[in-house]
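> Got a structure for you, questions after.
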Amino acid sequence: MKKCAYIAAALMLTGMAACNEKPGFKIEGTVSGAAEKTLYLEQAGLEGIVALDSVKLNTEGDFSLGAVRPSSPEFYRLRVDNKVINFSVDSTEVLNLTADYKDFATGYQVKGSDNSVKIKELVLLQAELQKEVNGLAKSSIPAGLAQDSLLKLVDAYKDKVKKDYIFHAPNKAYAYFALFQQLNGFMIFDPLANKEDVKCFAAVATSMNNLYPHADRSRNLYNMVIKGMKNTRVPKEKPVEIPVEKVKETSIIDIPLMDLKGVTHHLTDLKGKVVLIDFTAYANAMSGARNLALRELYDKYASQGLEIYQISLDADEHFWKTAADNLPWICVRDPRGSYSTYVNLYGVTQVPTSFLVNRDNELVVRLNEKSDLEAEIKRLL
């Protein structure tokens with residue numbers, strides 16, 4: 001009887017231990033060419049990167065890492081040095097991955113997760129886009145043509161990702177991953193300023209909310225959509241009346257806005273210079289490359305009388321201040337963003353949009369994607 005009691009107690013303890021163990025997932029495989037390096041498993045959560053597990057690789061490169069399986073789709077990454085592989089986990093318990101250290105982030109193979117295969121496809125697409133954008137920045141083609149090419153590259157990328165990944169399966173983890181890809185450090189899809197991008201976020205948010213209503217990512221995505229809808233909704237405004245004598249005096253509509261230090265700059269105070277009025281948003285994916293092109297022109301022609309009056313429509317003031325801090329021209333911001341009175345008065349329907357003003361304070365050129373910006377500036381100088 002005593003022996004039976006011991007056996008029963010042991011079985012009860014085993015059962016209790018099994019009940020306390022949470023289901024987990026594993027990712028295992030081989031990383032060649034990385035002997036003596038440490039492979040890390042990290043969670044890419046909403047609050048940042050969290051280390052979960054690690055292993056020091058031997059000459060064979062075999063590894064097995066794991067963590068508690070999430071209750072809703074979550075994103076993770078394997079990292080060696082500064083090289084990263086992104087993947088997702090939902091109901092998957094075991095993933096298999098093979099990679100070589102040299103092309104760790106792009107040349108790997110993953111099995112056991114269709115979402116992770118699609119994430120790799122997106123990573124490769126984004127890497128190719130970044131390569132093409134970097135090539136434009138280094139090219140010697142006129143700034144206007146470079147901007148035109150940049151817009152076409154980004155638009156083509158977004159169209160493909162929308163069709164093949166986001167709207168194709170908005171309930172999948174890879175659709176969520178696609179929403180947050182970046183170019184030059186900025187989100188390619190901007191839910192706070194672009195009405196069409198809000199639709200992409202809304203499609204994924206609706207699907208996630210139906211499947212995982214209590215997940216933090218679902219709530220966060222829903223909140224982003226609501227904020228984006230508010231930001232991009234066109235409010236009803238009363239017509240703004242500009243005094244006729246003011247228009248006759250300057251030939252342009254004045255724009256008095258504050259710079260980073262709180263100093264108000266009037267567009268009409270720049271009479272005597274050739275002025276490039278540039279409506280922009282630093283959070284736009286194309287902003288970095290565009291400002292590099294503008295800086296080349298500014299460095300070349302500022303001494304001859306060129307000035308740039310750049311108007312930020314960014315919703316985040318701190319982000320604007322950080323992004324504009326080292327720019328040499330006049331950087332101001334309209335806190336009303338896309339609802340700016342000046343956006344309506346100047347007929348701005350997208351950013352970036354630019355105009356040229358001659359030395360007599362006359363608005364003479366509305367630049368478009370086919371404009372040769374440098375040629376137009378030289379003509380007015």
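> Which order do peptides 255-266, 219-230 fall in by mean Cβ count within 10 Å, highest first?
Descending packing order for the listed peptides: 219-230, 255-266.
> Between Ala51 and Ser91, what length comes free when the chain is fully extended (0.36 nm per residue of separation minus the Cα-Cα distance, one decimal in nm)? Mind dumping the intermediate values first?
Values: separation 40, 0.36 × 40 = 14.40 nm, distance 2.08 nm.
Stretched fully, the Ala51-Ser91 segment lengthens by 12.3 nm.
> To continue, here is another question. Give, rounded to the nearest 20 debye, the magnitude of the charge dipole that the range 256-343 has about its Cα centre when Lys and Arg contribute +1 at Cβ and Asp and Glu contribute -1 at Cβ.
The calculated dipole for the range 256-343 is roughly 140 debye.
> Based on the Cβ-Cβ distance of Asp259 and Lys163, what FRET efficiency does E = 1/(1 + (r/R0)^6) give at R0 = 51 Å, to the nearest 0.05?
The computed FRET efficiency comes out at 0.75.
> Could I ask something else about it? Can you divide the C-alpha Rg of the range 38-81 by 2.2 N^0.38 Å and report the result to two decimal places?
Working: Rg = 11.5 Å, N = 44, 2.2 N^0.38 = 9.3 Å.
Taking N as the residue count of the range 38-81, the ratio is 1.24.
> With 19 Å as the cut-off, how large is the P(r) tail for the range 261-368, expressed as percent of Cα-Cα pairs?
42
> Which one of Leu306, Ser338, Ser88 is farthest out on the positive end of the charge dipole of the chain, using unit charges on Cβ (Lys, Arg +1; Asp, Glu -1) and the Cα centre as origin?
Of Leu306, Ser338, Ser88, it is Ser88.
> Still on this structure: Starting from the Cα of Arg219, step 7 Å along the direction of its Cβ; do the same at Lys195; then give the gap between the two resulting points in nm.
3.2
> What relative contact order, as a whole-number percentage, does the chain give when Cα pairs under 8 Å and 6 or more residues apart are counted?
12
> So how far apart, in nm, are the two label points at Leu151 and Glu362 if each is 7 Å from Cα heading toward Cβ?
2.6
> Please identify, among Asp278, Asp148, Asp103, the residue showing maximal mean-square fluctuation in a Gaussian network model of the chain using a 10 angstrom Cα cutoff.
Asp103
> Working from the pairwise distances between different alpha carbons, so that the mean of 1/r is found and then inverted, what is the chain's Kirkwood radius in Å?
Taking every pair of different Cα atoms in the chain, averaging 1/r and inverting gives 24.2 Å.
> While we're looking at this one, here's another question. Using the alpha-carbon atoms, what tilt in degrees (0 to 90, nearest 10) does helix 143-161 show relative to the longest principal axis of the chain?
30
> Let me ask another. Looking at the range 319-381, what % of the alpha carbon pairs are farther apart than 15 Å?
In whole percent, the long-distance tail amounts to 64.
> Right, next: Give me log10 I(q)/I(0) at q = 0.13, 0.21 Å⁻¹ for the range 85-232, Debye formula, one equal scatterer per alpha-carbon, no solvent.
Evaluating at q = 0.13, 0.21 Å⁻¹ gives log10 I(q)/I(0) of -0.67, -1.32.
> Counting only protein heavy atoms, what percent of the accessible surface of the range 262-381 is carbon or sulfur at a 1.4 Å probe?
Values: 2540 of 5400 Å².
Here carbon and sulfur together make up 47 percent of the probe-accessible area.
> Here's something else I'd like to know. Averaging over every viewing direction, what projected area does the convex hull of the Cα atoms of the range 86-162 cover, in nm²?
6.4
> How big is the charge dipole of the range 333-381 about its Cα centre, in debye rounded to the nearest 20, if each Lys and Arg gets +1 on its Cβ and each Asp and Glu gets -1 on its Cβ?
100
> Taking only DSSP H segments of four or more residues, each worth -39500 (n - 2.57), what value at 222 nm results for the chain once the sum is divided by all its residues, to the nearest 500 deg cm²/dmol?
Using -39500 (n - 2.57) per qualifying helix, the result is -12500 deg cm²/dmol.
The values are calculated or read from the model by the stated rules, or taken from the named source; none is laboratory data. Since the model is a prediction, treat every value here as computed from it, not as a measurement. Glycine also receives a Cβ, built like all others from the backbone with ideal geometry; neighbour counts cover every protein chain displayed. All accessible areas refer to the heavy atoms of the entire protein, side chains included, with ligands and DNA or RNA removed. Shrake-Rupley method; radii C 1.70, N 1.55, O 1.52, S 1.80 Å.
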